[in-house]
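First up is the structure itself, then whatever we jot down about it.
The values are calculated or read from the model by the stated rules, or taken from the named source; none is laboratory data. Predicted model only: the values in this text are computed from it and were never measured. Here Cβ is always computed from backbone atoms with ideal geometry, including for glycine, and neighbour counts include all displayed protein chains.
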Amino acid sequence: MKTLHMPVEIGRANQHDVRIRWQDGHESVYPARELRMSCPCAGCVDEMTGAIRLIGSSVPQDVRPLAVELVGRYALTVHWSDGHHTGIYSFELLRKLCPCCRGVAGRSAV
């Protein structure tokens, strides 16, 4: 695993959003609903085809994390206010989902 994909601090940016400070100094703030909509679990994404199963209208606009827990040394799981809790967000995926890094060509952190 790349060293720069290791978080050194995980917390809240505000009441709803998740903030991660990475070992390379980068700080990511994930809007709660966007992160929930990006859940990679088998219930939200078809494992065989990669097709999105999650129906956007089923996720409340004000969804928020109730708890964020480490999964080993490679990922996080989030317990959401809508009852969902089966997604495992790898650190690598989280860096790719970082709102300020998405779509930046050639960025070495992604």
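Numbers below:
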{"item": "Conditions (1) modelled with pLDDT of 95 or more; (2) touching a strand residue (DSSP E or B) at 6+ places or on another chain (Cβ under 8 Å); number of the one not met by Gln61", "result": "(2)"}
{"item": "Hits in region 49-102 - residues which are within 14 Å of Cys39 (Cα to Cα) and exposed (fewer than 11 other Cβ atoms within 10 Å of the Cβ)", "result": "Gly50, Ala51, Ile55, Gly56, Ser58, Gly83"}
{"item": "Any hit, region 13-23, residues being closer than 14 Å to Leu93 by Cα, in a loop (DSSP other than H, G, I, E, B), under 15 Å from the mean Cα position of the chain (by Cα) and touching a residue at least 12 places away in the same chain (Cβ under 8 Å)", "result": "no"}
